[in-house]
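Please read the structure below before turning to the comments.
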Amino acid sequence: MDDITALILDDHAAFRRGFARLDDAQDAEQLAAVWDTLALHLEIHAEAEELILYPHLLRQHTEDAAEETDDAIRDHNKIRDAIEAARARPVGSDAWWKAVWEARKENSEHLAEEEDEVLPDFRRHAGLDLRLELGERWLAFYGEHPSGRGLTFTDKDPKRYIQEHG
Ligand SMILES: [Fe+2]
Ligand SMILES: [Fe+2]
């Protein structure tokens, strides 16, 4: 049984390792292998957070929940947009690196916000039972969508998301 916040931290560590691996890739084939895996994981992770974590954060009605969620959805959108931009460019080209670097920068800032603001807030208000229950749902979600199967990775309107889940 895993606490959802521990599972999220595991993913975040994987993202940092993935971006670091890009630094060591020797050619376009290696870049594509690392990036395709990383980009897909980033997309599934954002989707999982939007389905499982943020609705609960909003329901806790803490002082900062709406603002933190608004920030997170905007960040997820920026990361999704950068992944989309990279997809349209030849792997390893300057334009590709620009898009990948945008994703890296946005992601690093976003992870810091989640780890220093969102997750502490969530932990303070969620009981251990809820954290474990959501951890189970998190793992089930990944299991139900191997390689992202059945998911569409689309940007979301932060205001509408908060209205729907708040
Ligand atoms: Fe995250
Ligand atoms: Fe996130």
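The values are calculated or read from the model by the stated rules, or taken from the named source; none is laboratory data. Since this is a predicted model, take the numbers as computed values, not measurements. Here the Cβ positions follow ideal geometry from the backbone for every residue, glycine too, while neighbour counts run over all protein chains shown. Quick note on the areas: whole protein, heavy atoms, side chains included, nothing else; ligands and nucleic acids left out. Shrake-Rupley method; radii C 1.70, N 1.55, O 1.52, S 1.80 Å.
Of all residues in segment 1-13, which are away from ligand 1 (no atom under 13 Å from the Cβ) and either among the acidic types (Asp, Glu) or part of a helix (DSSP H, G or I) (or both)?
Asp2, Asp3
Checking Arg16 against (1) within 12 Å of ligand 1 (Cβ to nearest atom); (2) open to solvent by less than 70 Å² (accessible area, probe 1.4 Å), which single condition isn't satisfied?
Against the list (1) within 12 Å of ligand 1 (Cβ to nearest atom); (2) open to solvent by less than 70 Å² (accessible area, probe 1.4 Å), Arg16 comes up short only on (2).
Which number in (1) open to solvent by less than 40 Å² (accessible area, probe 1.4 Å); (2) under 30 Å from Arg123 (Cβ atoms); (3) more than 14 Å from ligand 2 (Cβ to nearest atom) marks the one condition that Ala46 misses?
Unmet condition: (3).
I'm checking my understanding of the structure. Among residues of segment 86-119 that are more than 16 Å from Gly18 (Cβ to Cβ), of a type outside the set (Asp, Glu) and under 17 Å from the mean Cα position of the chain (by Cα), which one is farthest from ligand 1 (Cβ to nearest atom)?
Ala112
The rows are residues; the columns are (1) surrounded by 15 or more Cβ atoms within 10 Å (Cβ to Cβ); (2) hydroxyl-bearing (Ser, Thr, Tyr); (3) free of Cβ contacts under 8 Å to residues at least 60 places away in the same chain.
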{"position": "Ile73", "(1), (2), (3)": "yes, no, no"}
{"position": "Ile79", "(1), (2), (3)": "yes, no, yes"}
{"position": "Ala85", "(1), (2), (3)": "yes, no, yes"}
{"position": "Val91", "(1), (2), (3)": "yes, no, no"}
{"position": "Ala103", "(1), (2), (3)": "yes, no, no"}
{"position": "Glu106", "(1), (2), (3)": "yes, no, yes"}
{"position": "Glu117", "(1), (2), (3)": "yes, no, yes"}
{"position": "Ala140", "(1), (2), (3)": "no, no, yes"}
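Name the single residue, out of those in segment 32-43 being in contact (Cβ under 8 Å) with a residue 40 or more places away in the chain and crowded, with 19+ Cβ neighbours inside 10 Å, that is farthest from Pro120 (Cα to Cα).
My answer is Trp35.
Return the pairs, sorted by first residue and then second, in which the second residue is near ligand 1 (Cβ under 10 Å from one of its atoms) and open to solvent by 20 Å² or more (accessible area, probe 1.4 Å), the first residue lies in segment 1-25 and is closer than 12 Å to Leu38 by Cα and in contact (Cβ under 8 Å) with a residue 24 or more places away in the chain, the beta carbons are less than 8 Å apart, and the residues are 6+ apart or on different chains.
Every condition considered, the pairs that remain are His12/Glu115.
Okay, residues lined up against (1) among the acidic types (Asp, Glu); (2) away from ligand 2 (no atom under 16 Å from the Cβ):
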residue	(1), (2)
Trp101	no, yes
Glu115	yes, no
Phe122	no, no
Ala126	no, yes
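Going by the conditions given, is Ala66 open to solvent by 30 Å² or more (accessible area, probe 1.4 Å), of a type outside the set (Val, Ile, Thr) and within 14 Å of ligand 2 (Cβ to nearest atom)?
It is false that Ala66 is open to solvent by 30 Å² or more (accessible area, probe 1.4 Å), of a type outside the set (Val, Ile, Thr) and within 14 Å of ligand 2 (Cβ to nearest atom).
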